[in-house]
Structure formats: structure tokens, C-alpha cells
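This is the structure, below, for whatever I ask next.
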Amino acid sequence: MESITKSLAKFITNTSSQTIPLNVINYTKTLTFDAIGTLVAATHPKVTSGKLITEFVESQGGVNEASIIGKKIKVGIVNAVLVNSTLGYACDMEPHHPEAILHPIAVVFPTSLSICEAYNLKGYDLLIATALGCEIIYRVSMSMDPKKLYELGFHPSAICGTFGAVASAAYLLNVNTKQTIKALGLAALQTSGLMAWEDDPKEDARPFQMGIAARNGVTATLLAKNNFGGPDRIFDGGHNVFKAFSRSYSTKPMIDKLGLSWDGVMKLAIKPYSCVSFLHPALDALDKLLLENNLKSTDIDKIILSFPSSGSHCIDNNPLKSHCAQYILPVFAVQGKLEFLDLFEDHRKNNPEISRLSNSTIVVPDHNKLEKLFPKFYACEVTLKLKNGKQFSKSSKIARGYPESPLTEDEIITKFNNLVKSVLNKKECDKLFEISRNIADASNVNNLVNLLSNINLDR
């Protein structure tokens, strides 16, 4: 029987416009359109992670191969993907995979974009590489068991994202099967990603996880392309990556229906809210409770969120505003909306009503009904206890934006426009919209990259 490592490498190197289904490409167009909006928003001056990682990379010098989003400079590909993939997750509003607990687009789209720019590749290549990377990340995560990765303190997006970056890079760089096997092995040697980023309230370390996944995956691929040696049984051998990172793994998802099923792409969700995806069903439930009962935040005495015990630690008084139920739910209740800039200014310090509700919001870990659904569903129950003694509750498990409950095209376009207008003028927004919607037909990605790298943040 052929090894899993070789089977995966062959799948990567044999993928082409003829083998990838059209519906996968079509959905990838939508996903990349959404990703571009989040990348542009991440260049906003209040989003410090992009600014600081850019300054670091710029200070290192090097060859001029690929552009940094938000700044008119070029650096080496490895450093470019470090910056751009960090930006990809900075606003916490990029497409995500609920079941596999992943942010694959944040890793592989900026990676693919930088390589396409450096090697003058087509827009259609950009889409194929992005889809391929997402599929590989998903399969590795499902094999490792993302729930167990969380329990061990590992971030699935970072651990598994490194292999997705290899897939995207190997496809675009025309790396052969033998070299791809080595690249996957070299990627595993560099793979990292601790959930310790939850202790950084600046929200810089959080998106850095995607940057290092992209950087390490591209580094591994470039080394392998140059015939650098590496492990050739990373998914099969004695010291394989599954044993290193998981205590409950199954290799079946790695190759089951490989090339036939593209759940790593087709089950990606598009976020309507800028925060950790664990809180999206809760926000939907909260929104419905407020509307159905004609409530204002001032009517509420206490907010109670019941959430699966395996994920509750991630949202219960987390130092990160993006991951803190005691911040996100009150902000939405008071403002009636949640925007990406809310993650970078603590409204608890300047809004007494948000501060009051924050102190009155609790997370209750559920060990039974909700826990059994996690992580396939981030099922929850939101209860509002009112000042007049009344109480209302609502359960939710499928959030808006999931494939089962997709955003409409108008909602996706509105989201895009709201994000990009935070840093671009009307003319630039319109131009970016047109280029982004038609990227599949572009002979290269130069027009897109030129817009993304020439954002004037001083106006």
C-alpha cells in the first residue's frame, strides 16, 4: 500500500485546472473576495500586528520578490508571506472552517498571492493554490482531531496551516512529488503554534500564528525544490507528526475520498462578525432575543452563555477582546453591531453600559448536550435575565455564514465594502471590487497587488 505521505504529495503535484471541480473554484472565488476585504482592513493603523511585523521584516532587508500588503515595498517571498498571512488573521473576520477549527484562508491565500506575484502566475493559479492549501489543512486537522489539539494547547490553524502552505507553494512552484514529500517533512520539523497567544491582549501574537505557518511552509517548499534533504515518512514513520501533536489521531481523513471530496473548501464559513467563530452562534441568538422581544441593553441585568466545556476556556474572560464573551456580547448588545475596530479599542473603559454588562456576563461550561456537538457545532444557549425579573433564552448551533446558512451575495458585498472603505477612498474601493471579482480571468495578479500595496494610511 502506498504511504500516506506519498499519496498526499502525489495529490498535490497532480492537481490542475482539469482535476479540480468547477464548484470548488467558484466557491474559492467567493472566499478569496472575502479574504481580500479582510486583508485591506488589517492595514488600518489601529491594527498593530501588521504594522509591527512589517517594520521588523523591512529592517531585515533582502531581495525584492513580493509585495507587503499595505506598504509599497518588496521583500523576499518568505518574509512577504510572514507579513501578509499575519494580516490575514488580524481582524478575525476571514473565512473559517467550523468543524476543523481552522482559519485556512488566512494562511494560504496570502501565501499564494505572494508566490503568484513573484513568479508572474495567473489569477486562476491563485485560486487553485488557495483551494488546494485549504483542503490539505483541513485533512491534517481532522486527522489530528482539532478538539484534542485544543485540549493539548495547540492551535490547529498554525499546526496544520504549515502543511497547507506547502501544498499551495508546491503547486505554484511546480515542485515534483519527491520534492513535495521532502517539503512536507521539512514543514513538520518547523510546525508550531501554541494557544499561549490568548495571553496577549494586544492581539499581535494571535495573527502571528498564521504568519509563521505560511513562512515555515514556504521555507520548507523552497528548500525541497533546491533538493534539500528531509523526512520522507512524516505522516507514516515512527516519529511522525500525528504522534507528536495528537493523542487521538486517525490517518483515515488524510486520504479518504482524496480528490473527490473537497470539504476543506466547500464547508468553509464566511464571517459576519469580527470575533472568534466560537461566539458567532451566540451573537445570532443574542440578536434574535433583542429583536423578538424589543429589548435594549439597558433592559438586561445579566447575560448567561452556556457553551461546550472543551471550548469555554477560549471565550471565558479571555484577555483578547476578540475571544472574550464578556466583551463581545455586551458590545453587540449595546451597539447593535460588531465591527473589526471594536477589537482594538476597549469600550469597557469608555462606555459605562458596556462595562456594566461585561461585569454581568458569565460563561457556563456545558459537559453534556452542547459538549457532544463540539467541534462540529459551536452550539450554545444565550439567556438574558432582565431587570424586571423576566428571562428569555435561545439556543443556536449553526451561525449565519455557515454553508448551511450562507450569507447572501449582497451581504458578502456589503461586508467587503464596509471593510475596505475603512482605509480606501471611493474610487479605490470600486477599483479593488472590480479586480477582486474578476481575479480568475487575470493574466497575472499585478493589478491586485499594486492596489493592496499602495494603501495610503496617512489620509
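The values are calculated or read from the model by the stated rules, or taken from the named source; none is laboratory data. All of these numbers come straight from a predicted model, not from anything done at the bench. Glycine gets a Cβ as well: all are built from the backbone with ideal geometry, and neighbour counts include every protein chain shown. What goes into the accessible areas is simple: the full protein's heavy atoms, side chains included, and nothing from ligands, DNA or RNA. Shrake-Rupley method; radii C 1.70, N 1.55, O 1.52, S 1.80 Å.
Going through segment 204-233 one residue at a time, which ones are touching a Phe, Trp or Tyr at 6+ places or on another chain (Cβ under 9 Å), open to solvent by less than 60 Å² (accessible area, probe 1.4 Å), in a helix (DSSP H, G or I) and of a type outside the set (A, V, I, L, M)?
Once the filter is applied, which keeps residues that are touching a Phe, Trp or Tyr at 6+ places or on another chain (Cβ under 9 Å), open to solvent by less than 60 Å² (accessible area, probe 1.4 Å), in a helix (DSSP H, G or I) and of a type outside the set (A, V, I, L, M), segment 204-233 yields R206, P207, Q209, G211, G217.
For the subset of segment 165-203 comprising residues that are crowded, with 23+ Cβ neighbours inside 10 Å and of a type in the set (D, E, K, R), which member is nearest to S16 (Cα to Cα)?
K182
List, please: which pairs have Cβ atoms under 8 Å, are six or more places apart or on different chains, and start with a residue in segment 295-310 that is within 26 Å of I398 (Cβ to Cβ) and end with one that is among the aromatic types (F, W, Y) and part of a loop (DSSP other than H, G, I, E, B)?
Short answer, once both residue conditions are applied: F307/Y378; P308/F374; P308/Y378; S310/F374.
Testing E58 on (1) at pLDDT 95 or above; (2) surrounded by fewer than 24 Cβ atoms within 10 Å (Cβ to Cβ); (3) touching a strand residue (DSSP E or B) at 6+ places or on another chain (Cβ under 7 Å); (4) of a type outside the set (S, T, N, Q), one condition comes back false. Which one is that?
Going through the list (1) at pLDDT 95 or above; (2) surrounded by fewer than 24 Cβ atoms within 10 Å (Cβ to Cβ); (3) touching a strand residue (DSSP E or B) at 6+ places or on another chain (Cβ under 7 Å); (4) of a type outside the set (S, T, N, Q), E58 breaks only (1).
Within segment 382-410, can you find the residues that are open to solvent by 40 Å² or more (accessible area, probe 1.4 Å) and either touching a Lys or Arg at 6+ places or on another chain (Cβ under 7 Å) or in a strand (DSSP E or B) (or both)?
Hits for segment 382-410 are K385, Q391, F392, S393, K394, S395, P403.
Sticking with this structure for a sec: Could you check segment 191-202 and list, in sequence order, the residues that are in contact with a His (Cβ under 9 Å, 6 or more places away or on another chain) and of a type in the set (D, E)?
Of everything in segment 191-202, just one residue is in contact with a His (Cβ under 9 Å, 6 or more places away or on another chain) and of a type in the set (D, E), namely E198.
Condition (residue is outside any helix (DSSP H, G or I) and out of contact with any helix residue (DSSP H, G or I) (no Cβ under 9 Å at 6 or more places or on another chain)) applied to segment 304-314: is it met by at least one residue?
Checked segment 304-314: at least one residue is outside any helix (DSSP H, G or I) and out of contact with any helix residue (DSSP H, G or I) (no Cβ under 9 Å at 6 or more places or on another chain).
Out of curiosity, is V78 at pLDDT 95 or above and either open to solvent by less than 10 Å² (accessible area, probe 1.4 Å) or closer than 28 Å to H323 by Cβ (or both)?
No.
Can you tell me which of E434, E353 is open to solvent by 20 Å² or more (accessible area, probe 1.4 Å), in contact (Cβ under 8 Å) with a residue 24 or more places away in the chain and at negative phi?
Of the residues listed, the single one that is open to solvent by 20 Å² or more (accessible area, probe 1.4 Å), in contact (Cβ under 8 Å) with a residue 24 or more places away in the chain and at negative phi is E353.
Filter segment 312-336 for residues that are among the hydroxyl-bearing types (S, T, Y) and out of contact with any Pro (no Cβ under 6 Å at 6 or more places or on another chain); which is surrounded by the fewest Cβ atoms within 10 Å (Cβ to Cβ)?
Of all residues in segment 312-336, those among the hydroxyl-bearing types (S, T, Y) come to 312, 322, 327.
Then drop every residue that is not out of contact with any Pro (no Cβ under 6 Å at 6 or more places or on another chain), which leaves 322, 327.
On the way: S322: 24, Y327: 26.
So, considering only residues that are among the hydroxyl-bearing types (S, T, Y) and out of contact with any Pro (no Cβ under 6 Å at 6 or more places or on another chain), the one surrounded by the fewest Cβ atoms within 10 Å (Cβ to Cβ) is S322.
Got a number for residues in segment 62-79 being assigned to a strand (DSSP E or B) and either of a type in the set (D, E, K, R) or within 21 Å of the chain's Cα centre (by Cα) (or both)?
Counting residues in segment 62-79 that are assigned to a strand (DSSP E or B) and either of a type in the set (D, E, K, R) or within 21 Å of the chain's Cα centre (by Cα) (or both) gives 5.
Which of the residues belonging to segment 16-48 are of a type in the set (A, V, I, L, M, F, W, C) and open to solvent by less than 30 Å² (accessible area, probe 1.4 Å)?
We begin by selecting, within segment 16-48, every residue of a type in the set (A, V, I, L, M, F, W, C); these are 20, 22, 24-25, 31, 33, 35-36, 39-42, 47.
I20, V24, I25, L31, F33, A35, I36, L39, V40, A41, A42, V47, listed by residue number.
Right, another one. Could you say whether any residue in segment 100-112 is open to solvent by 10 Å² or more (accessible area, probe 1.4 Å), closer than 18 Å to L451 by Cβ and touching a residue at least 12 places away in the same chain (Cβ under 8 Å)?
No, there is no match, as no residue in segment 100-112 is open to solvent by 10 Å² or more (accessible area, probe 1.4 Å), closer than 18 Å to L451 by Cβ and touching a residue at least 12 places away in the same chain (Cβ under 8 Å).
While we're on this one: Looking only at segment 1-15, filter to residues that are in contact with an Asp or Glu (Cβ under 7 Å, 6 or more places away or on another chain) and assigned to a helix (DSSP H, G or I); which one of those is surrounded by the fewest Cβ atoms within 10 Å (Cβ to Cβ)? Don't jump to the end; show me each part of the working.
Residues of segment 1-15 that are in contact with an Asp or Glu (Cβ under 7 Å, 6 or more places away or on another chain), as a first pass: 3-5.
Narrowing the set further to residues that are assigned to a helix (DSSP H, G or I) leaves 4-5.
Numbers: I4: 20, T5: 24.
Top of the filtered list is I4.
If I filter segment 142-164 down to residues being hydrophobic (A, V, I, L, M, F, W, C) and more than 17 Å from the chain's Cα centre (by Cα), which single residue comes out as surrounded by the fewest Cβ atoms within 10 Å (Cβ to Cβ)?
Among those residues, the one meeting the criterion is L152.
Restricting to segment 113-129, and then to whatever is among the small types (G, A, S) and under 21 Å from Q18 (Cα atoms), can you tell me which residue is surrounded by the most Cβ atoms within 10 Å (Cβ to Cβ)?
Result: A129.
Let me ask something else. Whether any residue in segment 160-169 is at pLDDT 95 or above and touching a His at 6+ places or on another chain (Cβ under 9 Å) is what I want to check.
Yes - at least one qualifying residue is present in segment 160-169.
Identify the single condition in (1) at pLDDT 95 or above; (2) over 23 Å from the mean Cα position of the chain (by Cα); (3) of a type in the set (D, E, K, R) that D263 does not satisfy, given that it satisfies every other one.
The number of the failed condition is (2).
Among the numbered criteria (1) open to solvent by 50 Å² or more (accessible area, probe 1.4 Å); (2) assigned to a loop (DSSP other than H, G, I, E, B); (3) under 27 Å from P201 (Cα atoms); (4) not hydroxyl-bearing (S, T, Y), which single criterion is violated by H347?
(1)
Report yes if S192 is at pLDDT below 95, polar (S, T, N, Q) and within 19 Å of the chain's Cα centre (by Cα), otherwise no.
On the way: at pLDDT below 95: yes; polar (S, T, N, Q): yes; within 19 Å of the chain's Cα centre (by Cα): yes.
In short, yes.
Also, I was wondering about something else. Any chance segment 116-136 includes a residue that's modelled with pLDDT of 95 or more, over 14 Å from T221 (Cβ atoms), among the acidic types (D, E) and in contact with a Pro (Cβ under 9 Å, 6 or more places away or on another chain)?
Looking through segment 116-136, at least one residue is modelled with pLDDT of 95 or more, over 14 Å from T221 (Cβ atoms), among the acidic types (D, E) and in contact with a Pro (Cβ under 9 Å, 6 or more places away or on another chain).
While we're on this one: Taking L152 and the conditions (1) out of contact with any strand residue (DSSP E or B) (no Cβ under 7 Å at 6 or more places or on another chain); (2) among the aliphatic types (A, V, I, L, M); (3) modelled with pLDDT of 95 or more, which numbered condition does it fall short on, given that it satisfies the others?
Going through (1) out of contact with any strand residue (DSSP E or B) (no Cβ under 7 Å at 6 or more places or on another chain); (2) among the aliphatic types (A, V, I, L, M); (3) modelled with pLDDT of 95 or more one by one, L152 breaks only (3).
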